[in-house]
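> Quick one: the structure is below, and I'll ask about it shortly.
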Amino acid sequence: MELVSPLAPGQALDLGAGEGRNSLWLAKSGWTVVAVDASQVALDRIGEFAAADGVTVEAIHSDIIDYLQSARATGRHFDLVVLAYLHPSPEERAALLDAVVASLSTNGHLFIVGHHVSSLGMAGPPDPSRLYSEDDLLRALQPLEVLRLDRRDGASDVSEPGVDVVLWATKGPGPRRG
Ligand SMILES: C[S@@+](CC[C@H](N)C(=O)[O-])C[C@H]1O[C@@H](n2cnc3c(N)ncnc32)[C@H](O)[C@@H]1O
C-alpha cells in the first residue's frame, strides 16, 4: 500500500495471486488487474471476493511463465507486476524474472516480497535455494532501477516468523538509440 498508493492506477499483473489479497486491493484502488494462478480453487475465491467488493479482476488459470509468454506474444505490458510469496527454484526464478522484466511497460514498477534466506527453517520452503537474497535479486534484475530493497520482520504481514525481502524497482526507458 505504501509503495503503490502514490502511483496513478494502470494495468497490474499479480503473478501467483492466490486468493487475491493483492489483486483485490489493487482493483479497489482503481487498477485494472490480471491475476494469474495455477489453482482454479484460488481463482474462484478471487471471483467471489471481487463480486462481493463490486470490483473486477481478470482471473487467469495458467502457469505464470506460460502467461508471461502469451502476454509477450500479444504485446501486452503492465505498469505494475506483483510477485508475493512465490519461491520457485533458481532456474525457474531466473526465467521468471527475465520474463517479468520484459512484461513491464516503460516506467512500470515491480514489487517482490518473499521469504529471505535467513528465514530457513522458520518460514517458506525448506530448500534455501528457493529463498530470496538481496544479491540474487540485484543480479537477476540488472535491467531495472532498484528503488528499495529491504528486509523486514515477516510477522508484520502473514504472521509468520522469519524475515522477508521487499524489492521495489522500476524500468527505465532503456538505452537511447540513434
Ligand atoms: C504462497 S501463495 C501466495 C499467494 C499470494 N501471492 C499472496 O501473497 O497472498 C503462492 C501461490 O502461487 C501459485 N503458484 C505457484 N507457482 C505457480 C506457477 N508456476 N504458476 C501459477 N501459479 C503458481 C500457487 O498456486 C499459490 O496460489
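> Which distance in nm do the two modelled labels at A102 and S5 give, with both placed 7 Å along the Cα-to-Cβ direction?
The two pseudo-label positions are separated by 3.6 nm.
> Between V117, V100, V33, find the one with the highest GNM mean-square fluctuation for the chain; connect C-alpha pairs within less than 10 Å.
It is V117.
> Still on this structure, I have one more. Taking R0 as 25 Å, what's the FRET efficiency between R151 and Q69 from their Cβ-Cβ distance, rounded to 0.05?
Once rounded, the FRET efficiency stands at 0.20.
> When a/c reaches 1.5 or more, the comparison of a/b and b/c decides; with that in mind, is the chain rounded, prolate or oblate per its Cα gyration tensor?
rounded
> Membrane-span-like helices in the chain: DSSP H runs reaching 15 Å or more (Cα, own axis), mean Kyte hydropathy at least -1.0?
Those that pass (Cα extent of 15 Å or more, hydropathy at least -1.0) are 40-53, 90-103.
> Next question, about the same structure. Springs between alpha-carbon atoms under 10 Å, Gaussian network over the chain: tell me which of G75, G162, G121 tops the mean-square fluctuations.
Result for the chain, Cα springs under 10 Å: G75 fluctuates most.
> To make sure I understand, if each residue's beta carbon is the centre and we count other beta carbons within 10 Å, what order do T170, T106 fall in, fewest to most?
Neighbour counts put them in this order, fewest first: T106, T170.
> Relative contact order of the chain: what whole-number percent is it, with Cα pairs under 8 angstrom and at least 6 residues apart?
Normalised by residue count, the contact order of the chain is 18 percent.
> Here's another thing I want to ask about it. Once R0 is set to 22 Å, what does the formula 1/(1 + (r/R0)^6) return for the Cβ-Cβ distance between E92 and L120, expressed as a FRET efficiency to the nearest 0.05?
0.75
No value in this document is a laboratory result; all are computed from the given coordinates. If you're wondering where the values come from, they're calculated on a predicted model, not measured in any experiment. Glycine also receives a Cβ, built like all others from the backbone with ideal geometry; neighbour counts cover every protein chain displayed.
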